[in-house]
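Comments concern the structure below.
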Amino acid sequence: MAGDQVPFAIALGLTRTAQEASRELAVEMPKHLDSPTPFTLRAFAVDRATKQGLVARVYARPAQAKYLKYQIDGGDRAPTRKAQRLPSEVRLNEFGNLPRGMIRDLIQIARSSKRLTAGQARKQVQKMRSAGVSAALDLFYGDPGNGKPVGIYKRVVRGGQQTLVPLILMPERSVRYRPRFPAAEIVRRVAVRAFPGHFKDALRRAIDTAR
């Protein structure tokens, strides 16, 4: 009987609607966020509905949810020791982020540069140049005092005196975010638009296969 196929059709319709909403979130994201990375665009996944549990869920995977929640809901984000790059000193990648491993490499260089062999030093200089850091390799990592924040600095000589030029700083204060990505509204809009058609198609399929 057709009535016996209704729970199956509802579950399939809900799942297909959730899958469509997940795809729509990835399409809409660049309209609200600045150059999201491929990793961020793959943030959303789906829990399928079943006949026993007529609920399908669209959710952000844990790794991406850690930062996307501030773009979706807003709120205050406490310092995480993530780096803030100084615009004129270190190049960004195509997505506006620090290149992968850059902070680790810079900290390692700053801590160990006095003990590098000549060959190692040449390799590190090449890395620094490819990262957009110019001049001689002479770095400091830590708290320089005098009210300056913890970070990675380049030692330079100006007017006969050594000074520290900031390359990358570590935020020390909470940052307040305003909601920018209306994920819930996007999912609601897709659900209203798409579910009736997905349910109708699923019910037709269920009836045809039951014959």
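3J(HN,Hα) along segment 13-24, derived from phi through the Karplus expression 6.51 cos²θ - 1.76 cosθ + 1.60 where θ = phi - 60°, amounts to x, 5, 5, 5, 5, 5, 5, 5, 5, 4, 5, 5 Hz, with x in place of Gly and Pro.
Close amide-amide hydrogen proximity is noted between residue 150 and 170, each under 5 Å apart and 5 or more residues distant or on a separate chain (H modeled in the peptide plane; Pro and chain starts excluded).
Each residue was assigned an accessible area with a 1.4 Å probe, and for residue 39 the value is about 90 Å².
The values are calculated or read from the model by the stated rules, or taken from the named source; none is laboratory data. Everything numeric here is computed off the predicted structure, so don't read it as measured data. To get the accessible areas, we keep the full protein, side chains included, count just its heavy atoms, and leave off ligands, DNA and RNA. Shrake-Rupley method; radii C 1.70, N 1.55, O 1.52, S 1.80 Å.
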